[in-house]
Structures are given as structure tokens and as C-alpha cells.
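Shown below is the structure under consideration.
No value in this document is a laboratory result; all are computed from the given coordinates. Note that the coordinates shown come from a computational prediction; the quantities given were computed from them, not determined experimentally. Every residue, glycine as well, gets a Cβ built from its backbone with ideal geometry; the counts of neighbours run over all protein chains shown.
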Amino acid sequence: MKYRSLASVVAFTAVVAASMLMQTPAAAQAPAAKATPAKTVPAAKAWTAPLLPNGTPDLQGVWTNNTVTDLERPKALAGKEFYTEAELKDLQKQERQRLYVTETEGQPPANHSGVEGAGADDVHYDFSQFGLDRAQAKLAWSRRTSIIVGPEGTIPPLTPDARQRLAEIRAKTKGHEFDGPEMLPLGARCIARVNVVPVLPAAYNSNLQIVQGDGYVAIETEEIHDVRVIPTDGRPHIPGNIRQWYGDPVGHWEGKTLVVDTTNFTELSPFRGAQNLHVIERFTRVDQDTILYQFTVEDPGMWTKAWSGELPITKIDGQIYEYACHEANYGLADTLRGARVAEAEAAKNSAK
Amino acid sequence: MMKLILIGGLLLAAAAPAWAHHGFAAEFDQTRPLKLKGTVTKWEVTNPHSWIHIDVKGDDGKVVGWMIEGGSPNNLYRLGLTKDSLPIGSEIVVDGYQAKDRSAKAVGKSVTFSDGKRLFLGLPGPESEPDKK
Amino acid sequence: MMGWIAVLCCVLSLAAASSVAQVSPYRAPRTADGKPNLSGIWQALNTADWDLEGHAAAAGPVASLGAVFAKPPGLGVVEGDQIPYLPAMAAKRKNNQANWTNLDPEVKCYLPGVPRATYLPYPFQIVQSQNNVLISYEYAGAVRIINMGAPTKAPADSWMGWSNGHWEGETLVVDVTSQMEDTWFDRSGNFHSSALHVVERYTPRTADTMDYEATIEDPNVFSRPWKISMPLYRRVEKNVRLLEFKCPEFTEELLYGPLRKKD
């Protein structure tokens with residue numbers, strides 16, 4: 001695969017590494033399971049990237065970034081950036097086994113409290129009954145041991161400033177998690193989710209649809225029906241004082257790669273505490289069924305250095321459906337009401 | 001308990017959703033488990049959660065309407081199901097936990113038809129494989 | 001003699017038919033795949049979202065906002081001026097009108113459905129490709145993707161409905177079904193049932209304007225199909241784009257305020 005113009009040596013290295021990685025075909029998880037070819041050689045492929053009638057690369061279609069790969073590398077895998085082919089096959093087998101156990105014995109309790117460090121509880125509907133277990137949808141497999149690339153594979157340390165800011169937010173929140181709607185997570189309020197920019201995997205429905213028109217690339221993420229309409233005609237960012245949940249994206253083509261630069265995030269973005277987030281993304285179609293997605297996140301006031309991630313986005317046969325969220329968000333009201341009932345009972349008991 | 005499956009030195013965490021959008025234990029009470037049997041009056045195919053409405057007849061003969069929280073229907077559509085896949089009048093059994101606000105709402109940890117067959121996706125799907133050991 | 005009259009009548013009726021089908025002879029620039037190019041950011045410039053039917057100005061629902069949120073006047077966008085409700089449905093509209101701030105889904109920032117999404121007082125953007133036409137609406141981040149291939153069926157109702165589209169000459173025709181019954185047409189309580197069927201027609205009129213028509217059919221609520229029509233205007237400012245109007249946040253006090261912890 002050749003790329004006509006690349007911004008930097010770093011990008012080139014990432015792409016070469018990724019193209020080697022992409023020779024591991026995505027194992028189909030859909031009912032019509034395809035046999036996974038044992039080995040593929042890049043030079044033998046005669047695939048040419050499809051172009052739109054107006055000559056721009058075609059990224060269109062319905063895709064998923066559903067994955068087993070965590071954002072950060074597990075401590076037990078420190079220093080190991082890639083699985084071998086054999087280890088990947090093992091992972092895939094274990095994933096199928098895990099799903100079988102879930103479907104027959106029920107899913108294991110986990111922490112559903114939304115409070116970090118809380119113990120496991122059982123209070124949840126069965127994902128696999130609704131087809132929401134990640135293994136019940138197509139998985140975009142990768143040999144990476146974390147989405148974040150590099151020897152560490154973790155989000156860099158916070159700056160002292162950020163550490164203090166987050167400590168203050170935590171102190172203000174503690175004991176007040178259910179005081180009012182503004183205390184609940186943005187996702188629970190149906191305002192914004194972490195899977196939109198960068199395009200990180202969601203727990204389920206981790207799908208997106210790309211539609212390209214003249215001078216624009218539109219990316220709709222299924223949850224929460226969020227659309228980014230990215231101009232590629234060179235227009236500048238919006239004024240700096242206008243801040244948005246998902247920022248302001250502007251894009252341009254570098255050869256076959258769509259490069260998107262996003263600024264103007266609010267300081268209450270899904271990366272809570274980050275005040276001047278800057279996200280750079282690269283979308284490159286590397287074969288008929290795969291987009292290689294790479295991103296870099298930086299905020300000098302938040303992290304000591306920029307961090308980058310990479311994940312494959314693979315084509316799915318289905319389509320995305322409306323995920324309306326706010327319109328039937330009974331859970332938010334129920335959560336607040338539940339907290340008020342618990343407080344009233346606690347007050348009654350202490351009054352005794 | 002969270003199981004970490006060791007595969008030749010590798011780790012694959014059990015798939016609790018990494019970016020769950022809110023705490024369910026804030027909405028439903030682990031200390032109030034229940035088992036309900038009722039007739040479906042409506043299936044609200046909504047997001048972020050769907051809700052199955054059932055009429056439950058109590059021991060006193062009175063009928064109480066309950067709302068049972070379930071999952072997003074979107075992937076069911078991709079797997080070929082529609083809003084008609086849970087017919088009105090179906091008899092279902094709900095194993096779950098009551099809402100923290102003590103109302104006639106519950107989360108259905110497991111929902112079956114009265115013959116024991118699991119709702120929506122029967123066991124096990126083609127994506128999973130039985131233990132060959 | 002009768003032969004001439006027959007030919008003349010035939011020619012005249014053909015001419016009449018073609019002038020009804022093609023309101024203007026404008027031919028829009030083409031996309032690379034040869035279709036009229038509707039891409040861009042558009043907005044309606046009328047008071048249809050206040051009231052589809054013609055209306056005089058009136059005081060608004062919030063006294064402290066005075067003239068800022070008073071009801072502006074409008075000529076109306078309904079062909080034939082009046083929406084043909086079934087007699088049994090007139091009472092429901094009256095009740096909606098009387099209680100609109102409590103009942104109008106726009107107040108709660110619920111997704112608006114079609115055709116209301118088109119004439120809300122916010123811009124929308126058309127991103128047009130061969131197999132899909134995506135319309136992104138600034139209001140509430142509403143979006144729909146119009147399938148331009150072989151028509152498909154909805155698995156369930158949705159707020160923005162299910163859209164199948166095709167081209168008829170210069171016009172994009174969109175068939176919209178399976179909408180939730182909870183949406184309204186405007187702030188004046190005009191409503192529908194789950195049987196709603198909408199057919200939209202988008203026809204470029206000049207380089208920066210478009211004719212928009214929507215035929216509305218719902219035998220549960222109306223005695224016959226009826227039509228609305230209006231021009232849409234291109235937003236031509238330099239570097240224009242849609243901005244975020246994620247309004248669920250602005251409705252939280254209204255919806256959840258009473259559930260807040262009291263100090």
C-alpha cells in the first residue's frame with residue numbers, strides 16, 4: 001500500500017506498522033461465520049482504494065469499532081504492545097467461550113454502580129438476551145494490547161494543575177452524586193458520550209455511518225445519534241470563544257487519508273477536567289472492509305504529553321438505527337427519585 | 001465475581017461494559033429481589049433502555065401494571081427482530097430487582113416466557129462455542 | 001374541426017400538466033454522479049413552527065418575556081389555509097393549543113419528526129451522496145439518513161421516522177413512514193397519529209433557494225391528505241456551519257427540577 005503524502009515520519013511508521021497489523025483479517029462474528037485465512041501477504045493484494053465519482057477516497061458505509069481491546073494496556077501486559085497471531089487466535093476462541101458461558105449461565109456480576117472501586121452487584125438486565133454482549137456483534141480484531149499506542153500504552157500523567165483541578169471536582173462531587181441532574185454523568189443525561197470524538201468503542205451499538213458529499217464528510221455515531229459534519233474545503237475553525245461538547249472539526253485529505261482537526265471543546269467535555277482539548281484524527285481505508293483509525297489527543301494543561309491511539313474500524317452488514325436517548329430517559333428521573341427515597345428513609349431511621 | 005481468564009499468560013477481562021453510561025445500582029435495589037409473572041401489555045422499544053410493560057395479578061386478585069427495564073433494541077433489529085417480536089398478551093416471568101424509589105418498576109435480570117424459553121435470543125447463539133473439554 | 005379541438009385540448013392539457021409538475025425551469029448544478037446538487041446549509045424563513053395555519057400576532061406564554069417571546073404573525077403554509085381535521089379530532093387540537101407549553105414536545109427538546117424538522121427556526125445541512133442523503137439538523141442534533149437505494153422497511157417506529165428517497169427529474173422525493181405518534185407539527189397543537197405518512201418534495205428553485213412541499217396523510221386524524229409548501233433559503237455566510245444546540249441540558253430544570261435534593 002502506498003500513501004502519496006504523509007505528514008511526518010511518525011505517521012509513516014504508524015501506518016507501516018498498522019498495515020502489517022491489518023493483515024490479520026477481522027474474524028467475522030456474525031452468524032454466517034467466514035473462515036479466517038491463516039496468512040496474507042501485502043504484496044499479493046491487488047486491491048485499489050475505491051474513489052467517489054468526484055475523485056475523493058470513499059470511506060462510506062456502515063462500520064463498527066467494537067473491540068475487546070481496552071483503551072489502556074493492562075498492567076500485566078506492560079511492555080507488550082502486540083499479541084502474536086497465535087495469541088490473537090486464542091483470544092478469539094476465549095471470547096467465543098466467554099459468550100457461551102454468559103448465554104448459558106448468565107452474565108457474571110460486575111460493578112454497575114457507576115462508582116469507581118465499588119464492589120460487584122447483580123443489578124442489571126442480561127446483555128446477551130438483547131444482543132448487546134460485544135461478542136454478539138461483529139468485532140474489529142486487532143493484535144494491539146491496548147488502543148493507546150507506544151511502549152507504555154497508557155494515558156500520560158496529569159499535570160500538577162490538572163491533578164488539583166480533578167481533586168477539587170472529586171471533592172465537590174463526593175456525597176452529592178445524586179443531588180440533581182447536573183451531578184450525573186453526561187451520558188446518563190443524554191448530552192454527550194465518550195465514543196464520538198475520538199471514535200472510541202461503546203459498550204454496545206458501537207457503530208457509525210459515513211456519508212460523503214461535495215466538500216464534506218459526515219460521520220454519524222449510533223449513540224447518541226451524534227453527527228459530525230466535517231468540512232474538507234479548507235474553511236477555518238469557528239471563533240475560539242465558541243465551545244462545544246464535541247468541539248469544531250475541520251478536515252482535509254492527505255492522499256488517501258482524511259485528516260480531521262478538532263478544537264473548541266468545552267471544559268466539561270467527556271474528558272472531564274480537560275480545558276483545551278485538541279484532537280487530530282486520521283481515517284484511511286486500508287482494504288474493502290477496514291478503515292484504519294488513528295488519533296492523537298493533547299491538552300498541555302491536562303496531560304504532560306500528547307497520547308495517541310489506533311484501532312481498526314470494520315464494515316458491518318446491518319445498518320444503524322435511531323438511538324433517541326433523551327426522549328425516553330426514564331432512568332435519570334428514576335435515579336434521582338430513588339436517591340430522594342433513600343434519603344427520606346435514612347432521615348426517618350436516624351430520627352428514631 | 002469478575003473472572004479474568006488466563007490464556008497462556010494473556011488476560012481477557014470478562015466483558016463488563018467498559019463505558020457503561022450510568023450506575024444501575026443507583027436506580028435499582030440489590031436488597032429487593034423479586035420474581036414477577038405477568039402479561040405483556042406493551043413493549044416500549046426505546047433507548048437508552050427498552051421497557052416491557054406487564055400486568056401482574058397479585059394474590060389479592062388486583063392487577064398492577066409493572067415496567068421492566070431491558071436493553072437497547074437496536075442490535076435486535078440488526079439480528080432480524082422487530083417490535084412485533086414480543087406479542088402483546090405474551091406471558092412472561094421476570095427475575096430481577098425492584099426500583100430504588102419503590103415504584104412498580106424493576107430491572108429484569110432474566111426474562112423468560114412462562115415455558116422457560118429466554119426472551120428474544122435463545123441459547124446459545126451461533127457466535128459462541130460450547131466448551132470442547 | 002373536432003379533430004383540431006381534440007389535438008388542441010390534448011396539447012393544452014399536456015402543457016398544463018408539465019407546468020404543474022415543474023414549478024420553475026431552473027436546472028441545478030449536478031453532483032459528480034449526475035443528480036441535482038442539494039448540498040448545503042438551508043433554513044426556512046417563516047413562522048410555520050409557531051403555527052402552520054395563518055395567524056395574527058398574539059401574546060406569548062411567559063409574561064416576563066414580553067415581546068421577546070410573543071407569537072409573531074404569519075400567512076400560513078397550508079395549501080387551502082386550513083388543516084382538515086376529522087370532527088372527532090378537533091377537540092384534541094383545541095386542548096393541545098390551550099396547554100401547549102405543557103404538551104409540546106419541542107419544549108422538552110424531543111426530536112421533532114418530519115416535516116417539523118425542516119421548518120424549525122434553526123438551519124439544517126444536506127450531505128448528498130449517491131446511495132444516501134444525510135440531513136443534519138442543528139436543533140437537538142436531530143439527523144436522518146434517507147435511503148436512496150431500493151426502499152426498505154422500518155423494524156419499529158422512531159422519532160425521525162423512516163425515509164426512502166428517489167429522484168423525479170429535478171426533485172428529491174422522500175417517503176417518510178413509521179414516525180412516533182408523540183411529535184407535533186408546530187407550537188399550536190397540530191398533531192397526528194402513528195398512521196402518519198409524509199411525502200416530501202425538495203426542488204431547487206434558484207442557486208440559493210429551494211421549494212419544499214410536504215403532503216401529509218393520516219386517516220385517523222384528517223379527513224383527507226393535505227399539503228404544506230414553503231421556500232428554503234441557503235445560508236450563504238462565509239465559513240457558515242451548523243453549531244451545537246444540544247438542548248436536553250436546557251430542559252433539565254423543567255423535567256427533573258422537582259426531583260432535585262432539597263437543602
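Can you pull the one-decimal nm distance between simple spin-label points at A:T48 and A:E168, each 7 Å off the Cα toward Cβ?
Placing both labels 7 Å beyond Cα along the Cβ direction yields 5.9 nm.
Next question, about the same structure. Ignore the peptide's own chain and count Cβ atoms of other chains within 10 Å of each Cβ in B:88-96; give me the average, rounded. Walk me through the intermediate numbers first.
Values: counts 0, 0, 0, 0, 0, 0, 1, 2, 5.
Average neighbour count from other chains, rounded to a whole number: 1.
Could you check the spin-label model distance between A:A344 and C:A28? Points 7 Å from the Cα along Cα→Cβ, value in nm.
5.6
Report, in debye and to the nearest 20, how large the dipole of the range B:28-113 comes out about its Cα centre when Lys and Arg carry +1 and Asp and Glu carry -1 on their Cβ. Can you show the working numbers first?
Working: 12 positive and 10 negative charges, 25 e Å.
Dipole about the Cα centre, nearest 20: 120 debye.
Using a Gaussian network for chain C with springs between C-alpha atoms less than 10 Å apart, which of these wobbles most: C:W42, C:W167, C:W159?
In the Gaussian network model the winner is C:W167.
Tell me which of C:P84, C:A156, C:Q97 sits at the most positive position along the dipole axis of the range C:79-238, charges placed on C-beta atoms (Lys, Arg +1; Asp, Glu -1).
C:Q97
Here is a further query. If the elastic network links every pair of Cα atoms under 10 Å, which of C:L65, C:L111, C:L45 fluctuates the most in the Gaussian network model of chain C?
C:L65
Also: Dipole of the range A:219-330, Cα-centred, from +1 at each Lys and Arg C-beta and -1 at each Asp and Glu C-beta, to the nearest 20 debye? It would help to have the intermediate numbers written out before the result.
Details: 9 positive and 18 negative charges, 79 e Å.
Here the range A:219-330 has a charge dipole of around 380 debye.
How would A:D317, A:D179, C:D208 line up from fewest to most surrounding beta-carbon atoms within 10 angstrom?
By the 10 Å Cβ count, ascending: A:D317, C:D208, A:D179.
Check the range C:42-258 and count each lysine pair with an alpha-carbon distance under 30 angstrom, considering only pairs eight or more places apart or from different chains.
Lysine pairs satisfying the spacing and distance rule in the range C:42-258 number 15.
Report, to two decimal places, the Cα Rg of the range B:28-113 normalised by 2.2 N^0.38 Å (N = number of residues). Write down the numbers at each step before the final one.
Working: Rg = 12.8 Å, N = 86, 2.2 N^0.38 = 12.0 Å.
Normalised Cα radius of gyration, the range B:28-113: 1.07.
In percent, what relative contact order does the range B:28-113 have, based on Cα pairs under 8 Å that are 6 or more apart in sequence? Working shown, then result.
On the way: 184 pairs, mean separation 30.3, N = 86.
Reported relative contact order: 35 percent.
Where in chain C is the longest stretch that carries no GluC sites (Glu not before Pro) classed as loop by DSSP and with at most 13 other Cβ atoms within 10 Å? Provide the component values of the computation, followed by the final result.
Details: sites that count: C:E79, C:E237.
The longest uninterrupted stretch comes out as C:80-236.
Magnitude of the Cβ-charge dipole of the range C:42-258, K/R +1 and D/E -1, about the Cα centre, nearest 20 debye? Please list the in-between numbers first.
Details: 18 positive and 26 negative charges, 19 e Å.
It comes to approximately 100 debye.
Arrange the peptides A:192-198, C:95-101, C:218-224 so that the one whose residues have, on average, the most other Cβ atoms within 10 Å appears first. Mind dumping the intermediate values first?
Numbers: A:192-198: 23.1, C:95-101: 13.4, C:218-224: 15.4.
The densest-packed peptide leads the list: A:192-198, C:218-224, C:95-101.
Then there is this: With contacts defined as alpha carbon pairs under 8 Å and 6 or more residues apart, what's the relative contact order of the range A:180-320 in percent?
Details: 272 pairs, mean separation 20.6, N = 141.
The value is 15 percent.
Would you mind computing the Rg to Rh ratio of the range A:99-142 from its alpha-carbon coordinates, Kirkwood style for Rh?
Rounded to two decimals, Rg over Rh is 1.03.
Oh, and also: By a straight-distance test (C-alpha under 15 Å), which aspartates and glutamates pair with A:K93 as possible cross-link partners, with residues fewer than eight away in the same chain excluded?
Reachable aspartates and glutamates: A:E85, B:E127, B:E129, B:D131.
Which of the lysines could a cross-linker bridge to A:K348, judged by Cα under 29 Å and excluding same-chain residues fewer than eight apart?
A:K348 reaches A:K172, A:K174, B:K35, B:K100, B:K105, C:K261, C:K262.
On to the next question. Check A:A110: other-chain or 5+ apart residues with amide H under 5 Å from its amide H, H built from backbone geometry?
Close amide H contacts, sequence-distant or interchain: A:D121.
What's the average, rounded to a whole number, of partner chain beta-carbon atoms within 10 Å of each residue's beta-carbon in A:311-323? Provide the component values of the computation, followed by the final result.
Values: counts 0, 0, 0, 0, 0, 1, 1, 6, 6, 4, 14, 18, 7.
For peptide A:311-323, the averaged partner shielding equals 4.
May I pose another question? Running Debye on the protein assembly as shown with equal point scatterers at the Cα sites and no solvent, what base-10 log of I(q)/I(0) appears at q = 0.08 Å⁻¹?
Those come out to -0.71, one per q.
Just tell me how shielded A:227-240 is by partners: mean number of partner chain Cβ atoms within 10 Å of each residue's Cβ, no decimals.
Working: counts 12, 1, 9, 2, 3, 0, 1, 1, 4, 2, 2, 3, 0, 0.
Per residue, the average neighbour count from other chains is 3.
Under a crude label model (7 Å from the Cα following the beta-carbon direction), how far is A:D317 from B:T112 in nanometres?
Those two pseudo-labels are separated by 3.0 nm.
Per-residue counts of other Cβ atoms within 10 Å, averaged by peptide: what ranking do you get for A:252-263, A:221-232, highest first? Don't skip to the end; give the middle numbers.
Details: A:252-263: 18.5, A:221-232: 23.2.
So the peptides A:252-263, A:221-232, ranked by packing, come out A:221-232, A:252-263.
Tell me, what is the percent relative contact order of the range C:42-258, built from C-alpha pairs under 8 Å that lie six or more residues apart?
Values: 459 pairs, mean separation 47.9, N = 217.
Worked out over the range C:42-258, it gives 22 percent.
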